[in-house]
Every structure is written in C-alpha cells, then in structure tokens.
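The values are calculated or read from the model by the stated rules, or taken from the named source; none is laboratory data. This is a predicted model, so every value here is computed, not measured. FYI the Cβ positions are ideal-geometry reconstructions off the backbone, even for glycines, and counts take in every protein chain you see. Calculation scope for accessible area: heavy atoms of the full protein, side chains included, ligands and nucleic acids excluded. Shrake-Rupley method; radii C 1.70, N 1.55, O 1.52, S 1.80 Å.
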Amino acid sequence: MAWRMEGDYIASCSCNVVCPCPFDGIPTDPNGKGECRGVAVFHVESGNLDDTDVSGVNFALVNFFPANISAGNWKLGVVVDDGASEAQTAAVGKILSGEVGGPFADFAPLVGENLGLERAKVGFTADSGSIGGMSDFTWEPFHGVDGSPSTVKNGPFAFAPEYAIGRTKGKNNALGMEFDSNYGESAHFSYSSEGHEHLRA
C-alpha cells in the first residue's frame, strides 16, 4: 500500500528549552525525572493512502518517552479529528501504526505501550494546537538577531529536517498524558511510504 502526507505540525512537550529528544539526549523535564511528555498536532495539507484522500485531516500524536528516544519503551497514542471520515481515520491509523511501511514503521519497535486511537476535535493554527478540551497550547517561536526564526537541523529523531524552536504554553491531558507545555517546535513535513528523509530513526 502506497501513502504520502504533507503539511505542517506544531509540537509541545514538558522538556526545558531546547528539547534534546530529537538528538537522542536524556529528556530535561522540570521534575528531573528524565522523561518527556508531549503532543504534536499535524495538519495534512495533502495526502492519501492508496485511493483514500486524507487531505485536510488534522491529527495528534501523544507521547511518553521514559528516557532517551533510542532506549524505547515509549507510550504512543493517536487522536484523529472527529471531522474526518471513517475511511480517513482508518487510513491515518494504519500510517501512524507503521502497518503500511514508511518512517512510522521504523519507530514501531520502540513503542512499548500503544495508547490507542481516539476521535476528538483536533485544532491546528499557525500558533496553536488543541485536542477537544484535553490539550490546548499556544506556540511562540524564538528569533535570531536578524529577526528570522531560530531553527535546528538534522535531528536523527526529528519530525522534519529543519524545524523552528520556541516555547509553548498550556495544559495537556490527552490520552491521560498530563503535563504543562514548555518547549515547542514547528515545521513543514513531508512523509511517504517511499521516502524516509523527513522522519527517520
């Protein structure tokens, strides 16, 4: 089965700025436990799984990393916007589970507990993300002295080859993953069953 997805995402997590997880560092949560709780909200601008068009669908990934990324034993769950059709929801679920190959299949062996797939209102704007009363955060990017966004490149566990970094503020409790927003990042993404360059393990 062939698939592709392209769009934009905003991620928020409990780590202190800057989150080391994309570079396999020990998470820097304020409680000093070396854990990362996070949520990433994605807006699919265009995409499909075979004949199922997933363009316009919003979804969220909810994560718990108990240590550095490569140590595994993640908790990972998915929330798909309740405006998506059943076919679109099933397609997104298959893609994110790694069932149909591509970069998410590379991550599947690192997941220790699947938190499941739920439906709720998933909101995405250029400066905020939300999940149906369970998560609601705002995003503010950092800027360099020249006024351009501060970015990070080539993270081996990053959602994109280059992403803007900043802060997020808000409360999160989606799929039972409770935390206060702290670090944030945002970028354009492009994933497919053929190409792994934008999300890799």
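Residues to consider are PHE65, PHE137, PHE157; find the one that is in contact with a Cys (Cβ under 7 Å, 6 or more places away or on another chain), farther than 24 Å from GLU194 by Cβ and in contact (Cβ under 8 Å) with a residue 24 or more places away in the chain.
Unique residue meeting the criteria: PHE65.
Please verify whether the stretch 8-20 includes one or more residues that are more than 26 Å from PHE142 (Cα to Cα) and assigned to a strand (DSSP E or B).
Looking for residues that are more than 26 Å from PHE142 (Cα to Cα) and assigned to a strand (DSSP E or B), one finds none in the stretch 8-20, hence no.
Sort out which residues of the stretch 93-105 are in contact (Cβ under 8 Å) with a residue 40 or more places away in the chain and either surrounded by fewer than 15 Cβ atoms within 10 Å (Cβ to Cβ) or under 15 Å from LEU61 (Cβ atoms) (or both), and write them in order of number.
Once the filter is applied, which keeps residues that are in contact (Cβ under 8 Å) with a residue 40 or more places away in the chain and either surrounded by fewer than 15 Cβ atoms within 10 Å (Cβ to Cβ) or under 15 Å from LEU61 (Cβ atoms) (or both), the stretch 93-105 yields LYS94, ILE95, GLY102, PRO103, PHE104.
Using beta carbons and a limit of 7 Å, which pairs, at least six apart or on different chains, have the first residue in the stretch 113-125 and basic (Lys, Arg) and the second one open to solvent by less than 80 Å² (accessible area, probe 1.4 Å) and in a strand (DSSP E or B)?
Final answer for the pair search is ARG119/VAL80; LYS121/ASP81.
Given the conditions (1) open to solvent by less than 30 Å² (accessible area, probe 1.4 Å); (2) part of a strand (DSSP E or B); (3) out of contact with any Ser or Thr (no Cβ under 6 Å at 6 or more places or on another chain), which single one is not true for ALA158?
If we test ALA158 against (1) open to solvent by less than 30 Å² (accessible area, probe 1.4 Å); (2) part of a strand (DSSP E or B); (3) out of contact with any Ser or Thr (no Cβ under 6 Å at 6 or more places or on another chain), just (2) comes out false.
Within the stretch 126-155, how many residues turn out to be part of a strand (DSSP E or B) and open to solvent by less than 60 Å² (accessible area, probe 1.4 Å)?
The qualifying residues number 9.
Yes or no, residue by residue, for (1) part of a strand (DSSP E or B); (2) modelled with pLDDT of 95 or more; (3) more than 26 Å from ALA91 (Cα to Cα):
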position: PHE107; (1), (2), (3): no, no, no
position: PHE124; (1), (2), (3): yes, yes, no
position: THR168; (1), (2), (3): yes, yes, yes
position: ALA187; (1), (2), (3): yes, yes, no
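Only one of ALA90, ALA67, ALA60, ALA108 is more than 25 Å from CYS15 (Cα to Cα) and surrounded by 14 or more Cβ atoms within 10 Å (Cβ to Cβ); which?
ALA90
I need the full set of residues from the stretch 2-34 which are over 16 Å from PHE159 (Cβ atoms) and open to solvent by 40 Å² or more (accessible area, probe 1.4 Å), in order please.
ALA2, ASN16, VAL17, ILE26, THR28, PRO30, ASN31, GLY32, LYS33
Got a number for residues in the stretch 21-59 being part of a strand (DSSP E or B), within 19 Å of LEU76 (Cα to Cα) and not aromatic (Phe, Trp, Tyr)?
The number of residues fulfilling the criteria is 8.
Kindly provide the set of residues from the stretch 161-175 that are β-branched (Val, Ile, Thr) and open to solvent by 70 Å² or more (accessible area, probe 1.4 Å), ordered by number.
none
Tell me yes or no: at least one residue of the stretch 3-24 is under 22 Å from GLY98 (Cα atoms) and more than 17 Å from the chain's Cα centre (by Cα).
Yes, the stretch 3-24 has at least one match.
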